[in-house]
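The values are calculated or read from the model by the stated rules, or taken from the named source; none is laboratory data. Since the model is a prediction, treat every value here as computed from it, not as a measurement. We place every Cβ from the backbone using ideal geometry, glycine too, and count neighbours over all the protein chains shown. Ligands, DNA and RNA are stripped out before the accessible areas are found, and what is left, the full protein with its side chains, is counted by its heavy atoms. Shrake-Rupley method; radii C 1.70, N 1.55, O 1.52, S 1.80 Å.
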Amino acid sequence: MQPTSVRFDHQARRALADAELQRALSAIRTGWQPARARAAAALPEFDALRDLARDLKDHVLAHLDLYLEAFEAAATAVGARVHWARDAAEAREIVLGLCEAYGARSVTKSKSMVAEEIGLAEALEGRGISRVETDLGEYIIQLAHEPPSHLIGPAVHFTKERIAKLFAEHHGGPELTQAEALVAEARRVLRQKYFEAEVGITGANFLVAETGSVITVTNEGNAELTQGLPRHHIVVTGIEKLVPTMEDAFTFLRILARSATGQEFSAYTTVITGPKRAEDLDGPETLDIVLVDNGRSALHAGRFREILRCIRCGACMNHCPVYLAIGGHAYGWTYVGPMGAVLTPQFVGLEQAWKLPEASTFCGRCEEVCPVRIPLPRLMRFWREEAWRRRLPPAVQRSGLRIWAFLATRPRLYRLAARLGSGILAILSRGRGRLRWLPGASGWTAARDFPAPEGGTFFSRYQRGRR
Amino acid sequence: MSEAARTTILARLAAALGRDPASERRRKEEIAARLAVPTPNLIPARAQVSGEERIELFLRMARAVQTDVERLAHLSDVATATTRFLRFHNLPQRLVAVPDPLLDRAGFDRQPLMRLRRGTANVEDAVGLTIAEAGVAETGTLVLMSSPLRPTLVAFLPETLIVVLPIEDVVGAYEEAWQRIRARGGPSRSVNFITGPSRTGDIGQQITLGAHGPKRLLVLLVERLDRT
């Protein structure tokens, strides 16, 4: 997917004016948000598990080379083939090469963010291989030719009514009104596709070094049919997905669904260890696992290593005031919300994506709910510093900050300027206590009034209080 | 291409970690030792229950995620319970059951109207019957393990799934179930942890059952396998 993060402000403005999107987004506040809080409260060990999960990921990242080698050896021993891809182009070529070797004319695919990241969908279509997304949300956005707007709910920006219209258009028949009927229709349409596909492509939530196993987590059961029905199964996943043992995987599984949807456990957690065995009655004949780097080793090498702890639960976006106001598409690429603001600059370049880490109030809710305690605001600040260093923000913003820095490092001058400024604002407000318009801040005052300062500056009040 | 990629990626990671050749051997031994002796991490207190309390927890958690559970005294009661369930849901008396010989003693010989096929499922099968390796009380989860006698698709293609779970196989935590799998020589091709029927929230964030997998899930908790 062509990144459009560079147009972030324009896209955010459009999203704010989109009434249907706003309606769809508001469901997160009443749905996933309180559901997570309830699930966390129902498990007294929840926070202790989060600490453990953080430490486990740090341990794996500190020994990632060894765990990858162990995984490769174990997976190979049970008959899987492991492939390595340095970047997106290499990963696409590996998957396309396998599809061609297996004579694939059609593939089914369950949800994989790494597949989105490397642009696999377009690549398959470019080679004339038809692709059907089997996750219901992914299927919806495939029909609508849209990118996903959320990690776990790719079609979260769709209202039921819009889905009904879309289905009627593509499947024929009347517009349905009940969610059950829509799900049943998608089930019927997709059922046939599973049997037609020669190759099933899935992602992985975790890779187990000990056994060479691939773990997928879904609620629909689509990953199981995607890998279980075609003759060939290809897994596309990132090198950071390793966990040492199944025992370690259980620690993550206990916090994943709770953080994502507030479920105690997702409906389906499947552990795949190798392809079909000799006497098995079903299962794919081959299993290929593509381990994708694509910038992860660069993140691993620098200040951003902690983002590699991410288990893609979506809690950070579900609790982000910015994401909840503008949705995922405004971010302009595969990964959205706070985790996307940290990842996207690495994948598409800071020149393209520097505005994403700017779009945060640093309220800290993302870090507060992150199951693996990624310091998302700090990582976003690292990108801001880097953007500043590379002179990416426009001149107005830069000189504004430079003036502020000049004052802030000279306390006497700062106090004088603060007194002057608040005095002027107080006069401008003409005693009404608020300002309808402020020079240079029309973006703020267009939607709300600016509270006028009263009763002196913070510093003068602080000094008075101390005396 | 892949070999060069492999070397590059591993070298990049090693460089980032600033490996010291002197401690390299010890590090390798440590990781190998950690993998050789898998140890459970924190297991929630909720999962550390036994006896009837554990069964109660399993029932409560399973029912909370729309799993139907029925307790049966004998394995031979499975057929009657199945017939009753299918009749209740107005479904034809026809099902595909896994080839496991355990089901030979499930009482279907006394149900002449039931059309029973043994094997894996195909697209026409509306009802599937399989056997769980374990049940996990912690979240009311079933653990299914693929084998020649227990093909996987039976649990995913049919719209209605019935699972036989011997009561002695109900454990507290996931780790206990995995310990059993290890004791049996490690995981088979596919191990499924199933918690309730298939569901989706993709349409207006409203939970709807039966997205791709089963819409209905019945667990038959069998007290005695009648191994006489």
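Below is a table of values for the structure above.
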{"item": "Residues (closer than 10 Å to A:Asp65 by Cβ and open to solvent by 60 Å² or more (accessible area, probe 1.4 Å)) located in segment B:1-14", "result": "B:Arg12"}
{"item": "Residue that is most open to solvent (accessible area, probe 1.4 Å) [pool: residues in segment A:194-217 that are in a helix (DSSP H, G or I) and either in contact with a His (Cβ under 7 Å, 6 or more places away or on another chain) or within 11 Å of chain B (Cβ to nearest Cβ) (or both)]", "result": "A:Phe195"}
{"item": "Some residue of segment B:19-26 being at negative phi, among the aliphatic types (A, V, I, L, M) and at the interface with chain A (Cβ under 9 Å from one of its Cβ atoms)", "result": "no"}
{"item": "Wholly within segment B:24-122, strands (runs of 3 or more DSSP E) carrying at least 1 residues that are in contact with a Gly (Cβ under 7 Å, 6 or more places away or on another chain) and either at pLDDT 95 or above or polar (S, T, N, Q) (or both)", "result": "B:94-97"}
{"item": "Some residue of segment B:74-86 being open to solvent by 80 Å² or more (accessible area, probe 1.4 Å) and β-branched (Val, Ile, Thr)", "result": "no"}
{"item": "Among (1) closer than 23 Å to B:Asp104 by Cα; (2) outside any strand (DSSP E or B), the one test that B:Val219 misses", "result": "(2)"}
{"item": "Criterion: in contact with a helix residue (DSSP H, G or I) (Cβ under 9 Å, 6 or more places away or on another chain), open to solvent by 30 Å² or more (accessible area, probe 1.4 Å), charged (D, E, K, R) and not in a loop (DSSP other than H, G, I, E, B) - qualifying residue of B:Glu168, B:Glu176", "result": "B:Glu176"}
{"item": "Hits in segment A:69-99 (condition: closer than 14 Å to A:His233 by Cα and open to solvent by 10 Å² or more (accessible area, probe 1.4 Å))", "result": "A:Gly79, A:Arg81, A:Val82, A:His83, A:Ile94, A:Gly97, A:Leu98"}
{"item": "Members of segment A:290-306 found to be more than 9 Å from chain B (Cβ to nearest Cβ) and surrounded by fewer than 24 Cβ atoms within 10 Å (Cβ to Cβ), listed by number", "result": "A:Asn294, A:Gly295, A:Leu299, A:Arg303, A:Phe304, A:Glu306"}
{"item": "Selection within segment B:122-143 - open to solvent by 10 Å² or more (accessible area, probe 1.4 Å) and touching a strand residue (DSSP E or B) at 6+ places or on another chain (Cβ under 6 Å)", "result": "B:Asp125, B:Glu133"}
{"item": "Scan of segment A:262-289 for residues that are surrounded by fewer than 21 Cβ atoms within 10 Å (Cβ to Cβ), aliphatic (A, V, I, L, M) and more than 7 Å from every other protein chain (Cβ to nearest Cβ), ordered by number", "result": "A:Ala278"}
{"item": "Unmet requirement for A:Leu151, which otherwise passes all of (1) in contact with a Gly (Cβ under 7 Å, 6 or more places away or on another chain); (2) part of a helix (DSSP H, G or I); (3) aliphatic (A, V, I, L, M)", "result": "(2)"}
{"item": "Where A:Ala104 falls short, out of the listed (1) in a helix (DSSP H, G or I); (2) over 18 Å from A:Gly238 (Cα atoms)", "result": "(1)"}
{"item": "All positions within segment A:424-449 that are open to solvent by less than 70 Å² (accessible area, probe 1.4 Å) and in contact (Cβ under 8 Å) with a residue 24 or more places away in the chain", "result": "A:Leu425, A:Ala426"}
{"item": "Leading residue by the ranking (farthest from B:Leu42 (Cα to Cα)) among those in segment A:39-58 that are touching a helix residue (DSSP H, G or I) at 6+ places or on another chain (Cβ under 9 Å) and not aliphatic (A, V, I, L, M)", "result": "A:Asp58"}
{"item": "Of residues in segment A:307-351 being surrounded by 24 or more Cβ atoms within 10 Å (Cβ to Cβ) and of a type in the set (Phe, Trp, Tyr), the one nearest to A:Ile28 (Cα to Cα)", "result": "A:Tyr323"}
{"item": "Cβ pairs under 9 Å, 6+ apart, first in segment B:182-210 and within 7 Å of chain A (Cβ to nearest Cβ) and more than 25 Å from B:Gly128 (Cα to Cα), second hydroxyl-bearing (Ser, Thr, Tyr) and in a strand (DSSP E or B)", "result": "B:Asp202/B:Thr208"}
{"item": "Single unsatisfied condition, B:Arg84 versus (1) under 18 Å from B:Arg216 (Cα atoms); (2) in contact with a Leu (Cβ under 7 Å, 6 or more places away or on another chain); (3) not aromatic (Phe, Trp, Tyr)", "result": "(2)"}
{"item": "From the options A:Ser130, A:Ser106, residue that is touching a helix residue (DSSP H, G or I) at 6+ places or on another chain (Cβ under 7 Å) and touching a residue at least 24 places away in the same chain (Cβ under 8 Å)", "result": "A:Ser106"}
{"item": "Any hit, segment A:122-145, residues being open to solvent by 50 Å² or more (accessible area, probe 1.4 Å), in contact with a Leu (Cβ under 8 Å, 6 or more places away or on another chain) and of a type in the set (Lys, Arg)", "result": "yes"}
